[in-house]
Amino acid sequence: MELGLKGRRALVTGAGKGIGRDTVKALHAAGVQVVSVSRTQSDLDSLVRECPGVEPVCVDLGDWEATERALGNVGPVDLLVNNAAVALLQPFLEITKEAIATSFDVNLRAVIQVSQIVARGMIARGAPGAIVNVSSQASQRAIANHSVYCSTKGAMDMLTKVMALELGPHNIRVNAVNPTVVMTAMGRIYWSDPQKSKTLLDRMPLGRFAEVRDVVDTILFLLSDRSSMTTGSSVFVDGGFLTN
């Protein structure tokens, strides 16, 4: 399906690895000019070698002032993918102040800040736009040792709805993508143990975890005009996990 994204300019956070990196590669292949944001310079360097023309921005999105300096003058952006996140796993009774602060700074506060920068630019130009927030099935299901992570993703789902409500009159659509476990390089290592993965897979009608491409394809669809009547939605790429 031709998505008609060629010639647009996108910004992708968490672009150095996994879903973010493959999203940048897919957008680049579709003729989109991509601003790629990561806190790891070496990842950006290798991404630029792989996708010449990508605009790298190295910044820790957990730092509000640094993010404002890095992205405040980013220029016109038509498409935004808020993918950057951290997962600091701790049992509930052992959750630390530092884990809460870091998780909410990156997983939620940065989404608000980056989206404000981009949306204000869209509105000033009178241009339509699309924003995709990468959430998780963890926004809807309790997972042991994931109290803070689940909370940030639950908040992101509601943030997505309110953003869609307030930005819709400006012709800016906002949706979330909520994947299950994704077989990134790290995901394959962490979930390669059959005993660990069995409990989760047994609850999934499709009986498999998501590949990165499954998530990227959904992101690109939601960025495109093919989904022009979809906003405020959470699209679950979870193999049916939430059906039971």
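Readers should treat all values here as calculations from the given coordinates under stated rules, not as data from a laboratory. Note that the structure is a prediction, hence the values are computed from the model and not measured. Neighbour counts are summed over all protein chains in view; Cβ atoms, including those assigned to glycine, are modelled from backbone coordinates with ideal geometry.
Which residues, counting only those in the stretch 229-244, are in contact (Cβ under 8 Å) with a residue 40 or more places away in the chain and either under 23 Å from K161 (Cβ atoms) or surrounded by fewer than 19 Cβ atoms within 10 Å (Cβ to Cβ) (or both)?
Within the stretch 229-244, T230, T231, G232, S233, S234, V235, F236, V237, D238, F241, L242, N244 meet the criteria.
Which of the following residues is part of a strand (DSSP E or B), more than 21 Å from N107 (Cβ to Cβ) and in contact (Cβ under 8 Å) with a residue 24 or more places away in the chain: R173, R226, R213, R203?
Answer to the selection: R173.
I'd like the full set of residues that are touching a Ser or Thr at 6+ places or on another chain (Cβ under 7 Å), surrounded by fewer than 17 Cβ atoms within 10 Å (Cβ to Cβ) and β-branched (V, I, T), limited to the stretch 183-228.
Once the filter is applied, which keeps residues that are touching a Ser or Thr at 6+ places or on another chain (Cβ under 7 Å), surrounded by fewer than 17 Cβ atoms within 10 Å (Cβ to Cβ) and β-branched (V, I, T), the stretch 183-228 yields nothing.
For the stretch 100-107, state whether one or more residues are in contact with a strand residue (DSSP E or B) (Cβ under 9 Å, 6 or more places away or on another chain) and not acidic (D, E).
No: the stretch 100-107 contains no residue that is in contact with a strand residue (DSSP E or B) (Cβ under 9 Å, 6 or more places away or on another chain) and not acidic (D, E).
If you take the residues in the stretch 17-30 that are in contact with a Leu (Cβ under 7 Å, 6 or more places away or on another chain) and surrounded by fewer than 24 Cβ atoms within 10 Å (Cβ to Cβ), which one is nearest to T184 (Cα to Cα)?
A26
Would you check which residues across the stretch 137-151 are among the polar types (S, T, N, Q), at negative phi and free of Cβ contacts under 8 Å to residues at least 60 places away in the same chain and list them?
S147, S151, listed by residue number.
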